[in-house]
Amino acid sequence: MPVRHLAAFVLGLEAIGVLALAGWQVVALVGGDTDSVVSSVALIVLTVIGAAIIGAFAVATAREVSAGRSGGIVTQLLILSQVILSMQLPFAVIPLMMFASDKGRLGALAAPRWQVVLGWSCAALIVALNIKVL
């Protein structure tokens, strides 16, 4: 199997994943899990457009169109940048939680107990998911 077919297949899978995300957003909208219907619909439309663009890059890559390869590379770089950002997130969240829960520094403005527990749980989840990715 030529590399271009493998690259087109991976891009096609990414397009399907983005479409699944749009479906998830539709379920959230229908379920009433939104504050602004207009913003939610705009997000869904943009997500579907993004999926269509990634799908077009997949087709162009399979047909050996240079713009498709370039677009596919840009898509891969954007996904890689998000992975790198997620790896850096604990370095921001953990100090933030330490500061927000410090009653010595913040006094009455310190986060309540339930927010501290929820925040540290989210921080632990982020770290665990990053460890799993590695």
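What follows is calculated from the coordinates using simple rules that are stated; it is not laboratory data. It should be emphasised that the depicted structure is a prediction, and the values quoted were computed from it without experimental measurement. Cβ atoms come from the backbone with ideal geometry, glycine included; neighbour counts cover every protein chain shown.
Helix 113-133 and the longest principal axis of the Cα set of the chain meet at an angle near 30°.
Placing unit charges on each Cβ (+1 for Lys and Arg, -1 for Asp and Glu) gives the chain a dipole about its Cα centre, and among L77, I54, I16 the Cα reaching farthest toward its positive end belongs to L77.
Note on the stretch 1-124: with charges restricted to the Cβ of Lys and Arg (+1) and Asp and Glu (-1), its dipole about the Cα centre is near 240 debye. Taken as Cα centroids, the stretch 82-132 and the stretch 1-53 sit 29 Å apart, rounded to the nearest whole angstrom.
Compared with the dominant Cα axis of the chain, that is its longest principal axis, helix 37-62 is turned about 40°. Only helices enter the 222 nm calculation for the chain: every DSSP H run of n ≥ 4 contributes -39,500 (n - 2.57), and dividing by all residues gives -29000 deg cm²/dmol, rounded to 500. The Cα atoms of the stretch 68-115 cover 56, 16, 12 Å along the three principal axes, with the biggest extent listed first.
Rg over Rh for the chain works out to 1.13, both radii taken from alpha-carbon positions and Rh defined as the Kirkwood radius. Springs between Cα atoms under 10 Å define the GNM used for the chain, and in it the highest mean-square fluctuation of A22, A42, A58 occurs at A42. In vacuo Debye scattering of the stretch 15-63, one point per C-alpha: log10 I(q)/I(0) at q = 0.15, 0.30, 0.32, 0.33 Å⁻¹? Debye intensities relative to I(0), on a log10 scale: -0.42, -1.03, -1.10, -1.13.
Between helix 3-30 and the chain there is an angle of about 50 degrees, using the helix long axis and the longest principal axis of the Cα atoms.
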